[in-house]
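First the structure, in the form of structure tokens, and then the observations on it.
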Amino acid sequence: MDNVYIHPKAIVESKSIGKGTRIWAFTHVMKGVAIGAHCNVGEHCFLETGVVIGDNVTVKNGNELWDGVTLAEGVFVGPNVTFTNDLYPRSPRLPQAASRYNNLQWRCPTLVNEGASLGAGAIVLAGNVIGAFALVGAGALVTRDVPDYALVTGAPARVVGWVCQCGLQLRFEGATAACEGCRMEFVQNPGLVGLNHAQTVSAGVSNASQRRFE
Amino acid sequence: MDNVYIHPKAIVESKSIGKGTRIWAFTHVMKGVAIGAHCNVGEHCFLETGVVIGDNVTVKNGNELWDGVTLAEGVFVGPNVTFTNDLYPRSPRLPQAASRYNNLQWRCPTLVNEGASLGAGAIVLAGNVIGAFALVGAGALVTRDVPDYALVTGAPARVVGWVCQCGLQLRFEGATAACEGCRMEFVQNPGLVGLNHAQTVSAGVSNASQRRFE
Amino acid sequence: MDNVYIHPKAIVESKSIGKGTRIWAFTHVMKGVAIGAHCNVGEHCFLETGVVIGDNVTVKNGNELWDGVTLAEGVFVGPNVTFTNDLYPRSPRLPQAASRYNNLQWRCPTLVNEGASLGAGAIVLAGNVIGAFALVGAGALVTRDVPDYALVTGAPARVVGWVCQCGLQLRFEGATAACEGCRMEFVQNPGLVGLNHAQTVSAGVSNASQRRFE
């Protein structure tokens, strides 16, 4: 693997790591994990076989990515985020539960879309999709899908605002907003009753240049 | 120790580990820890002297089990669960608090009973008992005892339902329920005003074949 | 460095560690970190260049201290506490956010004052000050400054009581309290409407011998 930095105290068994990616101490990347280019995977992480990570992703320290977790390009995973892949876990070695673990039907996936950020200590229940460029607040408990560009906080996490691709919070005037930092423009999707209700739609806000109106 | 797998990057100082148990990378098991047979202890864990673990237990990654923590057989500890053993901690090196740490009176135990599951990122305050086959939701903060078979969520954690030994949530019709998966039958204990109030009793639900009526 | 204990499985690159300090397995202390005397840094920790720690501090396992975090003398950091140093994080490798990470203006500091305790699994948003001898409850989410001697719990964390330097909760009679353990005396600051409102002042309670009346 060209130009991949692996700290001497890391364990990396995957052969599929893109150029420019760095993997730090006390982190274990199992075989079969696919990591894109120019990523940074911090210390004390565990990436299980089956994980897929795009380019330009940052995984801070203390993260365990289980089989079923996919991180699209440009995602940020803050420190000590917790993913899951089982919605009602039991010890597979408990006789009363063992039959459920005879195959992989119990496994439930998680998808984090392009450019999204998961704040420090957030917890993501399996089976949910984090929208593109969404920002999950520190300590939030994600129990349902998060719309694109949404800022969600709390336990369970709810939409409390919207953020730009660059990360800054958006201030809407009517149905439109221009980022105060990078000037990217956004429109609220038609049919949206209000921001407080936006969590019920798949995407409440779109980049104006895309006009995706999902 | 027969048939114990210890990853070459683990530190295992205990001599009391049951057959078939596996201990993974970057995990430290101190001397004096007792672990049963057929357990799986994930990566980045720390098991302190004084910890006792039964057979068939699963400890996922990123768990620290402190002196005073006991896990009965078949328990599941999800990723990044946090245990405690001090109810009002100070640095023992702080002069104003040092006298309290001259002996072990400050130490407060935690017991997780048979077959219970602690969800990802849950926090358990010391001095509490998690009931048999209970399911503590992801991110829940356990501040009081959890009844047998209870599903608890939130911070502080409260009873929001009941689960079978196999893990599936129970649907009561009147005072009885049969698991939709494994058909195990349950009865609500007499004297129970309602499920919403069940957190005030030591055990709100019993396996019908046991009829324990604690 | 005299009388410093470094576990053979730790990585310690700093040359500035005080006497009597101990650093345990699978912990990484980067160069430039300053740690005082008689500290204890547990396992699976990461201390980034720029961190400053006073004397007599206890850092339990699973803690990551980022550039910008300062712990004054006698602080206790419980297990799996999460610090942050970026208020609206994006992957620095995401093109739309990269310009913000060209310098260190994004970095936001955190100060934990003398003798304070951060409970297990607490999360501290960057830019806040934890007051001297404050006690942050397990799992609390600190989103604003915490007054000296305050007990805060919840997400977001709010003042629910006051604690002595030794850690015991104070019971006020009128505007004064004497610790039931160590007998240290405290006064409420003038101008305080009530304890429920105390979180709006920088320090609601003072050690009576100091009478600081901040």
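Tell me, how many Å apart are the Cα centres for the range C:10-54 and for the range C:98-150? With the range C:10-54 and the range C:98-150 each reduced to a Cα centre, they are spaced 19 Å.
Is the shape of the protein assembly as shown best called rounded, prolate or oblate, per the rule: a/c under 1.5 gives rounded, else a/b larger than b/c gives prolate, else oblate, with a ≥ b ≥ c the square roots of the Cα gyration tensor eigenvalues? Here the protein assembly as shown falls in the rounded category.
Nearest-5 percent of antiparallel DSSP beta bridges in the protein assembly as shown? In the protein assembly as shown, approximately 25 percent of DSSP beta bridges are antiparallel ones.
Contact order for the range B:13-80, expressed relative to its length and based on alpha carbon pairs under 8 Å spaced 6+ residues apart, stands at 26 percent.
Each label was represented as a point 7 Å from its Cα along the Cα-to-Cβ direction; for residue A:67 and residue A:49 these points are 0.7 nm apart. The share of C-alpha pairs in the range C:5-164 whose separation exceeds 18 Å stands at 57 percent. Pairs with C-alpha atoms separated by more than 27 Å, drawn from the list B:31/C:15; B:15/C:60; A:15/C:60; A:15/B:31; A:15/B:15, are B:31/C:15; A:15/C:60; A:15/B:31; A:15/B:15.
Each Lys or Arg adds one and each Asp or Glu takes one away; over the other residues whose Cβ falls under 12 Å from the Cβ of residue C:4, this sums to +2. Place a point 7 Å from the Cα of residue B:16 along the Cα-to-Cβ direction; which residues of the range B:22-45 have their backbone N under 13 Å from it? Within reach of a label on residue B:16, which here means backbone N under 13 Å from a point 7 Å along Cα→Cβ, the range B:22-45 contributes B:30-37. The mean number of partner chain beta-carbon atoms within 10 angstrom of a residue's beta-carbon across peptide C:42-51 is 4.
Each of residue C:180 and residue B:172 was given a label point 7 Å from its Cα along the Cα-to-Cβ line. The distance between the two points is 3.6 nm. For the protein assembly as shown, carbon and sulfur atoms together expose 50% of the accessible surface, with a 1.4 angstrom probe and every protein chain in place. Label positions at residue A:160 and residue B:34, each projected 7 Å from the Cα along the C-beta direction, are separated by 4.6 nm. Only beta bridges with both residues in chain B are counted; by DSSP, about 25 percent of them are antiparallel. Across chain A, the mean sequence separation of Cα contacts (distance under 8 Å, 6 or more residues apart), normalised by length, yields a relative contact order of 10 percent.
Label the range C:1-75 by shape, choosing from rounded, prolate and oblate, from the square roots a ≥ b ≥ c of the eigenvalues of the Cα gyration tensor; if a/c is under 1.5 it is rounded, and otherwise prolate applies when a/b is larger than b/c, oblate when it is not. Rounded, since a/c falls under 1.5.
Computing FRET efficiency as 1/(1 + (r/R0)^6) for residue A:104 and residue A:1, where r is the C-beta to C-beta distance and R0 is 30 Å, gives about 0.60.
Within the straight-line cut-off of under 16 Å between alpha carbons, the aspartates and glutamates reachable from residue B:19 are B:2, B:55, B:73, sequence neighbours fewer than 8 places apart in one chain being disregarded. Listed by chain and number, the lysines whose alpha-carbon sits under 16 Å from that of residue C:9, ignoring those within fewer than 8 places in the same chain, are A:9, B:9. Taken about its Cα centre, the protein assembly as shown carries a charge dipole of about 260 debye when Lys and Arg each add +1 at the Cβ and Asp and Glu each add -1 at the Cβ.
Rounded to the nearest 20, the size of the Cβ-charge dipole of the range C:73-202 about its Cα centre is 620 debye, with Lys and Arg at +1 and Asp and Glu at -1.
Buried surface for the C/A pair, taken as the accessible area of each chain alone minus that of the pair with a 1.4 Å probe, is close to 2400 Å² in total.
Rounded to the nearest 20 debye, the dipole size of the range A:9-152 about its Cα centre is 420 debye, using +1 on the Cβ of Lys and Arg and -1 on the Cβ of Asp and Glu. The local environment of residue C:41, defined by Cβ-Cβ distances under 10 Å, has a net charge of +1 under the rule Lys, Arg +1 and Asp, Glu -1.
The values are calculated or read from the model by the stated rules, or taken from the named source; none is laboratory data. Everything numeric here is computed off the predicted structure, so don't read it as measured data. Cβ atoms come from the backbone with ideal geometry, glycine included; neighbour counts cover every protein chain shown. To get the accessible areas, we keep the full protein, side chains included, count just its heavy atoms, and leave off ligands, DNA and RNA. Shrake-Rupley method; radii C 1.70, N 1.55, O 1.52, S 1.80 Å.
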